[in-house]
Amino acid sequence: MTRGDEISLAGIPPEASFLLPGLILDQIPDRTLWILTANMERARSLYNDINSFNALFPEAPDGLLLPEEEILPYEEESPPDLLRAERISVLSELSRRPVSFVVSTFPAIARKTLPKRLLSGGLSEITLGTLVDRQELIQSLVALGFFRVPQVTAPGEFSVRGAILDLYTPSRPEPVRLEFTDDELTSMRGFDPNTQRSMGSIEKLDLAPSHEWLPPINRSHFSEELKDFLSVHQATPLAPGIERYIGQFYDDITSPLDYTPDPVLFIEDPHALEIRINDWQERIRDAYESIPAEERALLPPPEKAFIPFGAREKTPFSFGSDHPRILLSVFRDDPDAPDLFSPPEKLIDRNESWILRLRELSSRMRVITFFGSRGQRDRFQEILENQAIPFTPLSELQEENPPPEGSIQTILGDIGEGIYIAPDNTLLVSDTFLFRKKYDRTRETRFRTAAAAFRRDQIRLAEGEPVVHLQQGIGIYRGLREIEVGNIPGEFLIVEYRDGDKLYVPVDQVDLLKPWRGPEGSPPKLDRLGGHSWQKTRSRVRKEIEKISQELVDLYAKRKALPGFPFSQDSVMISEFENAFPHDLTPDQEEATRDIREDMESPTPMDRLVLGEVGFGKTEVAMRAAFKAVADGKQVAVLVPTTLLCLQHFETFKERFSGFPVRVEQISRILTAKEQRLLRQDLSEGKIDIMIGTSALLGAQNIFRDLGLLIIDEEQRFGVGHKEKLKNKYPTVDVLTLSATPIPRTLQMSLSGLRGISFIMTPPPGRKPIKTAILPFDRHRIREAIDRELARDGQVFFIHNRVSSISRMAHYISSLFPGVPVGVAHGQMDSQLMETIMDRFISGHYRILVSTAIVESGLDIPQANTIIINRSDLFGIAELYQLRGRVGRSGTQAYCYFLVAGEGGLTELAKKRLKTLQDNTELGSGYQIAMRDLEIRGAGSLLGHQQTGHISMVGLDLYMEMVEEAIQTRVEPVAIPVVRETPRIDLGREARLPEDYVVHPGLRIDFYRRLAHSFKDLEIDQIESELRDRFGPLPRSARALILGAKIRVMTTRMGISEVRLKDREIFLKPSAEKALSPRNAGKIAQAFPDRITFHRDGSFTLSGPASGFPDDLARLEELLS
């Protein structure tokens, strides 16, 4: 094909699009096929389909997916971080190697970008074992737009720690750790951004820019205005919207299309693309004309910044006419032409036994089945095996061993529903078609993203904030300082008390410090250093806690004493149900499922909290528990807070349980009185297996014949009375509670061990953190935020929580976007009308939904990825967190905007709530938000006792720890070990993590705390290994710190009260309870001849090299045990 050539392929259904690229590429060798779709949703789907189909061939063409920037033309905003990294990664690959095909959209290629020469010539390669000037490398990274950070977690970041350099280049899916000996690169390995631990060695690394902006080197020919612009942005090369200026600094900017030689355009839906192009043409023109003249002088005009659109008035469709084009059409130009492609329903009637039909078809054609998850594939293969139908997993196929005749082939992949290819007599069919379920496949991302890992011991101390010293009380933390004691430098945490007195806490005692977190409006009263008030305060709080803990334990014991129902072990049907899940479980989901299974199979009633981030898969875990209960003939009640969530759960459960003999129903105000009466009758007769309901489910008229499991979703939305009402009514049923932000009492009882707790903190693959911003109510900013979402074919939630004025707000939003359908929903409207409106929003009819907070709980609408919350300062932190969780559930970059009347009108409480949410946007941060909510609200009530005053006396962290200890002492008094005094240890040398080794003070404190909390040799070895991996070889003082920790652990076990190291001697003094007997003294003398000296007070000194002392102590412990 040559320039301007055009081929129309008629009669090709969209379902067959993924088959064509491979055929076309055979006809255009050494050229790149650009496949343009109507939107990114279709682009991602088609890209997955093509790759799944290509997996059938040993030498399949390789392709890339170029995403849209998801910003408006000329907008003073840059693409989201991960999208920016994805785009530059694709452009870098296109600049340096031939690629067979690229799937994209018009907006993704419309804006011209960096000249190809900058990427093809600017990519440098780092090779293991070579000499690398580290300073030059750092300068290169800065020039390429990388940010220097304390810890690398996202593409475009780098960190330097002594001999270690971490960087996350967009050319790799995970960050890389470079380790140097002088200037020789001695190690290069990938690492996990979550754990920061190394994963595997790497031989070579390509350096690519971090984004689509590189400042020009030669600036002599620029105007003074442009030179000034570059000077201003030199220090901050990633100013928002910097990419829009590229055209003013490079004359040879180019479209991504021209990164490939002689591109050929493959346009799947010319009509839809033409509509999108016309829309963008108007957006570009309007945006450019609305920019003030002074600012516009610095920006390239549309004809320079964007590719030619083609004449709008010209027909037919003219975009890309200067390139060869292939246009698809679903209409046939020859009515007598045979069908080349047919949908699978032409061959298989799903209302009949498709298994037998597949057996028949496989005898006369090739049948290949595709599955989105291993569980689905295993389930299908088990069905075939039971029917004695031969099958062959394609992963086991060899070229010399073709599949047996009549064998059905199975492969992991995603191809929509499937297609029959007549010329090849081949049927491709997917699990979506076979199991009659439309799955929302999780999007994979090119990069490993960091999530907030849950660690209760990871407590951050903030300089200038109050802290609690367990022995001295409440003071102000003044930071880490280096202080010399006896000519030995050491690191100390400084706490300032009343009257300015300071306490210097050695880093090996950091576990004595906790941050003071208490109720808003109750600032702590500082203690006097060395005074007696603190001990009196702790004693007073402890007495009150003992009363509360007894009541909590009594409740616990009462429930545990009741006989529960021990469910059977998992059956074949349960395995089949689990395999029907179209995704692979995350590790946290698997662990939670195991915990629930063990609880349900025990004779004690289950009482477990599943604490999980919004959208991380709590519902699937709950549905597996429900199926287990139903499989043993028990009924399940699912309690939800709102009618909307009830309807959504009903649809979700019904879809998930389809194909299994399980009846799912819902009861809420949306049903008529007659419908509810009939359902209650069926429920009491045991005809309903799973009943989902709002508080209506609590009614006395709802009687279960044999309830076995109660699931409480969004637990924080119910009062204690609601939940206890059901528990008291059915005291022996298993209870499973789901929440992202549990109420204090639930969280406390779970963390205390009175209830089981499972954490789901691992994000699904491809999930991105939600971009969060706090804005004043401003017409321009609101319009921009909504328009950005509409421009990418998405949907918008606009939350306005006043029913009285919601119609006026909807009219205001409609006036900003004439012609865009806007829906309105609130809790006071007729239930049938609300259901209709939500159905229209879910189906995509309404592009914008103006709603009250009724949508807060559990709604899952993948296309809605922008939420705007008006007067967000009037909401609680848990409500805002739940509302924000309505978006970002599909892998698309999501946005949340908190609108406020004006910062001057915000209360301090509202500011702290909003700042907490803005600061905690990383995946898995729900637990931190729940804890901050406890702090802001004053922890509320534990079992009806108002605790605000006591919490402010000692701080939330210490208070919860004291409750936990009191409960454990009452529940298992025998199991609580006698607290041993930690020996006084004097190493006689510097023992710490130097600032130039672990630079960030917060990280140093975290390692000190972890060492202080380590009571096993293996735990200390793991921390030492992590330090070596993340920061390089341990310096002398760090080795001494590890040595001290090992000595502390061993001597604590041995009952040693004092340890002193000096030169080549270690002095050991046993405690009074562990005084040496003559027999033991003889054994030690025999084991260490000529090295042991005994003293009159029962202490002794062991001589030898210090490096051997841990082995000596291990030998001593063995002798004394």
Problem set entry | Inter-probe distance in nm under a simple model that places probes 7 Å from Cα toward Cβ, at Leu412 and Ser120 | 3.7 nm
Seminar exercise, completed: Note to self: C-alpha centroids of the range 580-594 and the range 612-632 sit apart, in Å, by 10 Å
Problem set entry | Rg/Rg_globular for the range 341-434, with Rg_globular taken as 2.2 N^0.38 Å and Rg from C-alpha atoms | 1.00
For this session: Neighbouring Cβ atoms within 10 Å as the yardstick, rank Asp81, Asp499, Asp431, Asp1021 fewest first.
Result: Asp499, Asp1021, Asp81, Asp431
For this session: Return, for the Cα atoms of the chain, the radius of gyration and Dmax in Å, separated by a comma.
Result: 33.1, 111
Seminar exercise, completed: Nearest-0.05 FRET efficiency for Leu23 and Glu995 at R0 = 60 Å, using Cβ-Cβ distance, is 0.45
Exercise. Quick one: Cα centre-to-centre distance for the range 318-395 and the range 865-898, in angstrom?
Worked result: 40 Å
For this session: Kindly express, to the nearest 10 degrees and within the range 0 to 90, the angle between helix 533-561's C-alpha long axis and the longest C-alpha principal axis of the chain.
Result: 60 degrees
Exercise. Under a plain spin-label model, where a point goes 7 Å from the Cα along Cα-to-Cβ, how far apart in nm are Asn487 and Glu685?
Worked result: 9.4 nm
Problem set entry | the range 771-922 shape via C-alpha gyration tensor axes, a/c threshold 1.5 | rounded
Exercise. What net charge do the residues around Arg540 carry, taking every other residue with its C-beta under 15 Å from that of Arg540, with Lys and Arg at +1 and Asp and Glu at -1?
Worked result: +3
For this session: Note down the Stokes-Einstein diffusion coefficient of the range 984-1120 in µm²/s, whole number, using a Kirkwood radius over alpha carbon pairs, 20 °C, and 1.002 mPa s.
Result: 135 µm²/s
Exercise. If R0 is 60 Å, what FRET efficiency do you get for Ile421 and Ser814 from their C-beta distance, rounded to 0.05?
Worked result: 0.80
Problem set entry | the range 124-207, relative contact order in percent, only Cα pairs under 8 angstrom and at least six apart counted | 29 percent
Problem set entry | Label point distance in nm, Asp251-Asp1017, each placed 7 Å from Cα along Cα→Cβ | 7.3 nm
Problem set entry | Angle between the chain longest axis and helix 1017-1031 axis [Cα atoms, degrees, rounded to 10] | 50 degrees
Exercise. Please report, for the Cα atoms of the range 613-658, the Rg to one decimal and the Dmax as a whole number; what are they, in angstrom?
Worked result: 11.1, 31
Exercise. Considering the zone a paramagnetic label at Leu128 would reach in this model (a point 7 Å from Cα along the Cα-to-Cβ line), which residues of the range 188-224 have amide N under 11 Å from it?
Worked result: 188-190, 200-205
For this session: Mind running the shape call on the range 788-863? Use the C-alpha gyration tensor, a ≥ b ≥ c as the square roots of the eigenvalues: rounded below 1.5 for a/c, prolate if a/b tops b/c, oblate otherwise.
Result: oblate
For this session: May I ask for the distance between the Cα centers of the range 44-64 and the range 757-804, given as a whole number of Å?
Result: 33 Å
Exercise. So how much slack lies between Gln918 and Glu591, counting 0.36 nm per residue of separation and subtracting their Cα-Cα distance, in nm?
Worked result: 114.7 nm
For this session: Starting from the Cα gyration tensor of the range 544-638, take the square roots of the eigenvalues, sort them a ≥ b ≥ c, and report rounded, prolate or oblate (rounded when a/c is under 1.5, otherwise prolate if a/b is larger than b/c, else oblate).
Result: oblate
Exercise. Ranking Trp213, Trp516 by Cβ neighbours within 10 Å, fewest first, what do you get?
Worked result: Trp213, Trp516
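Readers should treat all values here as calculations from the given coordinates under stated rules, not as data from a laboratory. Just so we're clear, the structure is a prediction, and the values are computed from it rather than from any experiment. A quick note on method: Cβ atoms are made from the backbone with ideal geometry, for glycine too, and the neighbour counts reach across all protein chains shown.
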